[in-house]
Amino acid sequence: MSLPGKKIILGVCGSIAAYKAAFLVRLLVKEGAEVQVVMTEAAQEFITPLTLATLSKRPVLSQFSSDRSTGQWNNHVDLGIWADLLLVAPASAHTLAKFASGHCDDLLTAVYLSARCPVWVAPAMDLDMYQHPSVQTNLKKLASYGNTIIDAEEGELASGLSGVGRLAEPENIAHKLSAFFEHSQSLHNKKVLITAGPTQEPIDPVRYLTNASSGKMGYALAQEAARRGAKVALVSGLVALEFNHPAVTITSVTTAEEMLEASQKRFGEVDIVIFAAAVSDYAPAQKYSQKIKKKDDTLTLTLKKNPDIAQTLGRQKKDGQTLVGFALETNNEIAHARQKLEKKNLDIVVLNSLNDPGAGFEHDTNQVSLLNRKNSDILQFNLKDKADVARDIWNFIEQYEV
Ligand code: C5P
C-alpha cells in the first residue's frame, strides 16, 4: 500500500468523466487512503452518490447541511483541516472558474478555500472548452496559487471529437499521488538556494542583453523542494511567473552581478544549491546613460565577461554542501557536461540538449540526463512536464546525498 492512512478529499464535478471517479476511489482506497468524496450538484447527474459512498465507505457530502431537521452541519473548515490533500477530479470549467475567482457557493468551493493541504485539480472537458483562453487562464491562476494541475490527456472525447480534454487516467493520478506522498518531508531541515530565470544586462536606459529563459525549471525545482519540507531561497531573474509558497523566499535580481551578490549572501547557510539560471556570459562593458541614437550603419558594443556564479560559489564549497548545475549543450553533450562538473566543482549536472524537441528554454516540458561526480553513470529520462522533471532531479539529489 502506497497511501496508508492518507486523508484525501476527492471533489467530483459535473463532467461525463465523473464516472471515472469510481475507479479513482477504488484505487485510492486499495492503496490505504481514507477518501472523503465531496460532489457538486451537477456531478450527481453523472454518477450517483450511492456508488461513491459505497466505494469510499463514507457518506458522500455535497451540502453544507446533510439533514435540515437535525441541523447536521458539514463543516468545510474542519474538512479543509482534516485532509492531507484535496484532489478535484474531474474538475469542470465551471468549478475551475469558481476556484480561480474565489466564488464560494457550494460545499466544494468552501472546502477549496479552507484547505490548508496541497490542492490538485484534474480538469476534464471537451477540447475546445479546454483550449479556451479563459479556462487556460484559470488553470494558470490556480497554478500561481500553488495548486498542482494534472493536465488533461489526449484521446477520444465524449462529444465524438478527438483531442486534449480527457481526464487523466485514474491509474496515472493514483501513481502521481503515491510518488507525491513518498517524498513528503524528505528535505525537512534542509536549506536550499536556487538561481532561476534569465539575467538582463543593460546597454542603455531602454535596451538590454538577455536570453529566452522562462524560469519555469528553476521555479518547479523550488516548488518541489518546498513540498519536501525544505526552506528555499530563490534568486530569480525577471520572469513572468507568479509563485507563492510560505517556505520560499524570492529575491528578484536583474543582472548577473546582482544574482551573484544575492546568492553569495545565502550561500554560507545552505545545504544544497541548484544553479538553474540562464546567466548572460557577457554584459556591455559600459552602460550608456542616454538612449543610443541611430546613426551609422554599424554599431559596435564592447562586452565584458560576467562572473560565473556557479564557478565562484563552487570554489567556496564546504564539506556537506551539494552543488547542482545545468548544462545546455548542442554537441558532445556528455563530455561537456563532465567538464562542467570539474571546472565548476559541482556534484551533479543536469544535462539538456537543444537537439531534443520540447526540451530546454521556454517549454513547459524538458528532457534531461543526470550525471554525478561519484561515478560515471548517466541517468536518462524521457520528455516530461517540468514539475515531473523537478521530482526526478530531487530524487537524484537525495540519493546522491545518502
Ligand atoms: O558554462 P555554462 O553557462 O554552460 O554553465 C551552465 C551552468 O552554470 C548553469 O548551472 C548556470 O546556472 C551556471 N552559470 C552561472 N553563472 C554564469 C554562467 C553559468 O551560475 N555566469
Can you tell me which of Val239, Val253 is at pLDDT 95 or above and either open to solvent by 10 Å² or more (accessible area, probe 1.4 Å) or farther than 29 Å from Thr365 by Cβ (or both)? Val239
Need the failing condition index for Gly325 against (1) touching a residue at least 60 places away in the same chain (Cβ under 8 Å); (2) near the ligand (Cβ under 8 Å from one of its atoms); (3) of a type outside the set (A, V, I, L, M, F, W, C), just the number. (1)
Any chance Glu45 is surrounded by fewer than 21 Cβ atoms within 10 Å (Cβ to Cβ), touching a strand residue (DSSP E or B) at 6+ places or on another chain (Cβ under 6 Å) and more than 21 Å from Leu139 (Cα to Cα): no
Residue under question is Ala226, and the condition is that it be within 15 Å of the ligand (Cβ to nearest atom) and assigned to a helix (DSSP H, G or I); does it hold? no
Could you grab me the full set of residues in segment 147-198 that are of a type in the set (Ser, Thr, Tyr) and closer than 18 Å to Lys6 by Cα? Thr148, Ser178, Ser184, Ser186
Those residues that are hydrophobic (A, V, I, L, M, F, W, C) and more than 9 Å from the ligand (Cβ to nearest atom), I need them from segment 269-293; list them, please. Val270, Ile272, Val273, Ala283, Ala285, Ile292
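Table: residues versus (1) within 19 Å of Arg227 (Cα to Cα); (2) outside the structural domain of Asp84 (by TED's automatic domain parsing); (3) surrounded by 14 or more Cβ atoms within 10 Å (Cβ to Cβ).
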{"residue": "Tyr130", "(1), (2), (3)": "no, no, yes"}
{"residue": "Asn138", "(1), (2), (3)": "no, no, yes"}
{"residue": "Ile150", "(1), (2), (3)": "yes, no, yes"}
{"residue": "Ser162", "(1), (2), (3)": "no, no, no"}
Taking the condition open to solvent by less than 20 Å² (accessible area, probe 1.4 Å) and in contact (Cβ under 8 Å) with a residue 40 or more places away in the chain, does Val119 pass? no
Working carefully through the options Thr195, Thr210, find the one that is within 16 Å of the ligand (Cβ to nearest atom), surrounded by fewer than 24 Cβ atoms within 10 Å (Cβ to Cβ) and β-branched (Val, Ile, Thr). Thr210
What tally of residues in segment 294-308 results from selecting those that are among the hydrophobic types (A, V, I, L, M, F, W, C) and either within 16 Å of the ligand (Cβ to nearest atom) or free of Cβ contacts under 8 Å to residues at least 24 places away in the same chain (or both)? 2
Taking the condition away from the ligand (no atom under 12 Å from the Cβ) and either among the aromatic types (Phe, Trp, Tyr) or out of contact with any Leu (no Cβ under 6 Å at 6 or more places or on another chain) (or both), does Gln311 pass? no
Please verify whether Thr298 is surrounded by fewer than 17 Cβ atoms within 10 Å (Cβ to Cβ) and farther than 17 Å from Ala233 by Cβ, treating the condition exactly as stated. yes
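The values are calculated or read from the model by the stated rules, or taken from the named source; none is laboratory data. Predicted model only: the values in this text are computed from it and were never measured. With ideal geometry, Cβ positions are generated from the backbone for all residues, glycine too; neighbour counts draw on all protein chains shown. Heads up: the accessible areas ignore ligands, DNA and RNA and are worked out on the full protein's heavy atoms, side chains in. Shrake-Rupley method; radii C 1.70, N 1.55, O 1.52, S 1.80 Å.
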